[in-house]
Structures are given as C-alpha cells and as structure tokens.
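Each value in this text was obtained by applying a stated rule to the coordinates, not by laboratory testing. Values in this document were obtained by computation on a predicted structure and should not be read as measured data. For neighbour counting, all protein chains shown are included, and Cβ atoms are generated from backbone atoms with ideal geometry for every residue, glycine included.
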Amino acid sequence: MKNISDVDFTKINFVLMDLDGVLTDGSIIYTDKGEQLKIFYAHDGHGIERGHNLGLKFGIISGRKSAANNHRAERIKIEELYQDCKDKVAAYEEIRTKYKLQPENFCFIGDDVFDMPLLDKVAFSCAPKNGIREVKDSVHYVTELEGGRGAVREVIDLILKRQGKI
C-alpha cells in the first residue's frame, strides 16, 4: 500500500471513478429484454453534489457501456463520462489535457486489475473495501465502506476534510 502522507490533498480537484464495483456493488441485473439495471447509492450522489459545490470536478471511466450509466452520470452532473473504455489511462490523459491539469490534481477510485494502470498515474489512488486484493495492496487508501454502499462518498469526504472545506 502507498503512503497516504505523500498526498498533497490541497492540489486535488478532479475525482475519477470506475463505475461497476465503485459507484455500484458490481452487480448487473438484466431484464428479459436484455436491458441492464444497476443500483446506485444515494449517499454517493449526495457526496458528489457536495463535492461539486465545494469545487471538485468528477469523471467516470467505465469498461462497460449502459444506458443506466448515462442516466446516473447525467443525474449527478458528472463532467466527463467515458464508457466501453479499454484504455483508462488514455481517457485520463484526454481529461487531463482538456482541463490543463497535472497528475497531482487527480484522485481515481478503482476496484479491479484493469484499473491499476490509472491508479498508478494519479496523486491519490483509492479502492473500495470490496475491491480486488491486488488493487487494495497498491493504493493510498482503502475505504471502510464497499463500492455501491458509500465508498465514493467516503473518499470525497476525506478529500474535502483534508482540504479544510468540511
């Protein structure tokens, strides 16, 4: 695990997240018509709203594509949504360039091995409690709460507290 004391929280202003396993518990329910249903946690949404109000920006970089992802991102006013993304680092680089930011400005929350290349690029890397062991062993912070059950809110609150905003 990386040392959290190495993180300069004052510089973090963009929180990136995987979706399945981070904003959800990783479960995907299919209807008989093949539509995906996902369950999102209201506390995470409130944390994102408060983060917006206190100066943070947010992005989702997901390996899957779903109408449910679009609806949730729109509902909680996510600035950047990348779906069906096979190269999360490339998506991050696009966001970084678009907003003229540096790695020190980013947090990423990921739960599985395909998130690890991006977790290694950002200033503050996090995994939910129910993430894959290899991921949890490689990040700055592992949440006490599980993905889809408040992990995102926990990370946002930690950042905002370390910045003295809450």
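Observations on the structure shown:
- So Phe114, is it in contact (Cβ under 8 Å) with a residue 12 or more places away in the chain, part of a helix (DSSP H, G or I) and under 14 Å from Met17 (Cα atoms): yes
- Residue check for Ile78: among the β-branched types (Val, Ile, Thr), touching a residue at least 24 places away in the same chain (Cβ under 8 Å) and within 22 Å of Lys165 (Cβ to Cβ): yes
- Test: residue in segment 117-131 that is in a helix (DSSP H, G or I) and within 13 Å of the chain's Cα centre (by Cα): yes
- When Phe58 is tested against (1) within 25 Å of Met1 (Cβ to Cβ); (2) without any contact (Cβ under 8 Å) to a residue 12 or more places away in the chain, just one condition goes unmet, and that condition is (2).
- Candidates in segment 136-166 are the residues that are of a type in the set (Gly, Ala, Ser) and farther than 20 Å from Asn3 by Cα; of these, the one that is farthest from the chain's Cα centre (by Cα) is Gly164.
- Within segment 132-151, the set of residues being acidic (Asp, Glu) and in a loop (DSSP other than H, G, I, E, B) comprises Asp137, Glu144, Glu146.
- Of the residues making up segment 117-127, those that are over 18 Å from Arg64 (Cβ atoms) and touching a residue at least 24 places away in the same chain (Cβ under 8 Å) are Lys121, Val122, Ala123, Phe124, Ser125, Cys126.
- Residue tally, condition of a type outside the set (Phe, Trp, Tyr), in contact with a helix residue (DSSP H, G or I) (Cβ under 6 Å, 6 or more places away or on another chain), within 25 Å of Val113 (Cα to Cα) and surrounded by fewer than 21 Cβ atoms within 10 Å (Cβ to Cβ), over segment 13-58: 2
- Against the test of being among the charged types (D, E, K, R) and either free of Cβ contacts under 8 Å to residues at least 12 places away in the same chain or in contact with a helix residue (DSSP H, G or I) (Cβ under 6 Å, 6 or more places away or on another chain) (or both), the options Lys65, Lys100, Lys86 yield a single qualifying residue, Lys100.
- Those strands (runs of 3 or more DSSP E) of segment 1-111 in which at least 1 residues are under 18 Å from Glu154 (Cβ atoms), considering only elements entirely within it, cover 14-17, 57-61, 106-109.
- Search result, residues across segment 19-61 that are hydroxyl-bearing (Ser, Thr, Tyr) and out of contact with any strand residue (DSSP E or B) (no Cβ under 7 Å at 6 or more places or on another chain): Thr24, Ser27, Tyr41
- Per this entry, Glu144 is counted among residues that are surrounded by fewer than 23 Cβ atoms within 10 Å (Cβ to Cβ) and touching an Asp or Glu at 6+ places or on another chain (Cβ under 8 Å).
- Considering only residues in segment 147-166 that are in contact (Cβ under 8 Å) with a residue 12 or more places away in the chain and over 15 Å from Val22 (Cα atoms), the one that is surrounded by the most Cβ atoms within 10 Å (Cβ to Cβ) turns out to be Ile159.
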